[in-house]
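A.B. asks: Encoded as structure tokens, here's the structure I'll be asking about.
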Amino acid sequence: MDLVKRVQRELTSYNGHVAFYVRDFAGNTVSLHEDEPFETASTIKSFILLDLYEQAENGTRSLDQPLVYEERFLVDGSGVLHNMQPGFSLSARNVAVLMIIISDNTATNMLIDYLGLEHINQTIQKYGFSNTVLHNPIDWELYSDLGTSTVKDYGEYFYKLYQGELVSEQACRDMISIFKDQHYNSMIVGEFPQFYLSGDDSLAPEEEMITVASKSGSMNACRTDGGIVFTPVGDYVLAIFHKNFYDNLYHPKHEATQYGAKVSRLILERFLALDGKLNNSN
């Protein structure tokens, strides 16, 4: 049975709608609804990070520029800055680290203000992500949407990042290092065998570890995730987006997270079984 059919059967009892895109580095791509638009939620923050490095590379902005946390940037939701008193500053890179690793919404607004929403979208288009748009800063009272993308665009973002094709090879390495510290990756690794994820060297020597560099997102209308999966037999990129589910609450056992994790494990098992490929064609 091919991978798409296997995934579709796994999703038979799921009440939501799923798209996924997976690409290895041996010339194989497998996808379902790859060009269908989805609300991004916080996965759009990956593209904001890209524009920060783009502008730092061309000299119009700096990773070291101090950004002042002002009250006008404050927004509830994920992150820690909204729990702190405004008035202090952080470097642009440190603000970006907060935006990615704990998905800080206030940090996101600080970067959108620093970089400019229009320039962020110009950079998105420059690198070929034609179906991806950042619509608004984060303001739950004014805007109901944040961004739009597809699993293909998001998967290709991480593919190009891995290949060193975004901004520069050094920028890609630095961005990957940030994505590796991202805290919310249960949709990708939630069903992975714990042996491969263990930090105990007696259980899983380093060469047998599986790690990810990723960024997820959650809003009432969607659950999204994507990144690079590093395995002992090779690496691949994966994006999984969900919408049209019934449960709008935020909790670790959300049906989208659980079914997304099932899909991710099916892909991992296929990849490991074929010794670092998604199919036998190459």
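The values are calculated or read from the model by the stated rules, or taken from the named source; none is laboratory data. Quick caveat, the model's predicted, so the values are computed rather than measured. For neighbour counting, all protein chains shown are included, and Cβ atoms are generated from backbone atoms with ideal geometry for every residue, glycine included.
A.B. asks: Taking Asp174 and the conditions (1) under 21 Å from Thr224 (Cα atoms); (2) assigned to a helix (DSSP H, G or I), which numbered condition does it fall short on, given that it satisfies the others?
C.D. replies: For Asp174, the failing item is (1).
A.B. asks: Is there a residue in region 218-227 that is of a type in the set (A, V, I, L, M, F, W, C) and under 12 Å from the mean Cα position of the chain (by Cα)? Steps first, please.
C.D. replies: As a first pass, look at region 218-227 and keep what is of a type in the set (A, V, I, L, M, F, W, C): 219, 221-222.
Filter once more, keeping what is under 12 Å from the mean Cα position of the chain (by Cα): none.
No.
Table: residues versus (1) touching a strand residue (DSSP E or B) at 6+ places or on another chain (Cβ under 8 Å); (2) outside the structural domain of Leu272 (by TED's automatic domain parsing); (3) β-branched (Val, Ile, Thr).
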site	(1), (2), (3)
Tyr21	yes, no, no
Asn28	no, no, no
Leu32	yes, no, no
Ile48	yes, yes, yes
Asp64	yes, yes, no
Asp76	no, yes, no
Met84	no, yes, no
Ile102	no, yes, yes
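A.B. asks: Would you be able to say whether some residue in region 79-99 is of a type in the set (Lys, Arg) and within 19 Å of Phe129 (Cβ to Cβ)?
C.D. replies: At the first step, the residues of region 79-99 found to be of a type in the set (Lys, Arg) are 93.
Keeping just the survivors that are within 19 Å of Phe129 (Cβ to Cβ) gives none.
No; the residues of region 79-99 include none that is of a type in the set (Lys, Arg) and within 19 Å of Phe129 (Cβ to Cβ).
A.B. asks: Of the residues Val22, Val18, Val4, which is aliphatic (A, V, I, L, M) and free of Cβ contacts under 8 Å to residues at least 40 places away in the same chain? Spell out how you get there, then give the answer.
C.D. replies: Values: Val22 fails: free of Cβ contacts under 8 Å to residues at least 40 places away in the same chain; Val18 fails: free of Cβ contacts under 8 Å to residues at least 40 places away in the same chain.
From the options Val22, Val18, Val4, the qualifying one is Val4.
A.B. asks: Turning to a different aspect of this structure: Quickly run through region 209-230 and pick out the residues that are of a type in the set (A, V, I, L, M, F, W, C), over 25 Å from Asp275 (Cβ atoms) and out of contact with any helix residue (DSSP H, G or I) (no Cβ under 6 Å at 6 or more places or on another chain). First the steps, then the outcome.
C.D. replies: Of region 209-230, the ones of a type in the set (A, V, I, L, M, F, W, C) are 209-210, 212-213, 219, 221-222, 228-230.
Those left that are additionally over 25 Å from Asp275 (Cβ atoms): 219, 221-222.
Once the filter is applied, which keeps residues that are of a type in the set (A, V, I, L, M, F, W, C), over 25 Å from Asp275 (Cβ atoms) and out of contact with any helix residue (DSSP H, G or I) (no Cβ under 6 Å at 6 or more places or on another chain), region 209-230 yields only Ala221.
A.B. asks: Quick one: in region 63-104, which of the residues that are assigned to a helix (DSSP H, G or I) and in contact (Cβ under 8 Å) with a residue 60 or more places away in the chain is surrounded by the most Cβ atoms within 10 Å (Cβ to Cβ)?
C.D. replies: Of all residues in region 63-104, those assigned to a helix (DSSP H, G or I) come to 71-73, 81-83, 92-101.
Narrowing the set further to residues that are in contact (Cβ under 8 Å) with a residue 60 or more places away in the chain leaves 96-97, 100-101.
On the way: Ala96: 27, Val97: 19, Ile100: 24, Ile101: 16.
Step by step, filter region 63-104, then rank; the result is Ala96.
Listed here are the residues, each with its yes/no results for (1) in the same structural domain as Ser177 (by TED's automatic domain parsing); (2) of a type in the set (A, V, I, L, M, F, W, C); (3) more than 21 Å from Thr148 (Cα to Cα); (4) buried (at least 24 other Cβ atoms within 10 Å of the Cβ).
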| site | (1), (2), (3), (4) |
| --- | --- |
| Gly226 | yes, no, no, yes |
| Val237 | yes, yes, no, yes |
| Asn244 | yes, no, no, no |
| His251 | yes, no, yes, no |
| Leu266 | yes, yes, yes, no |
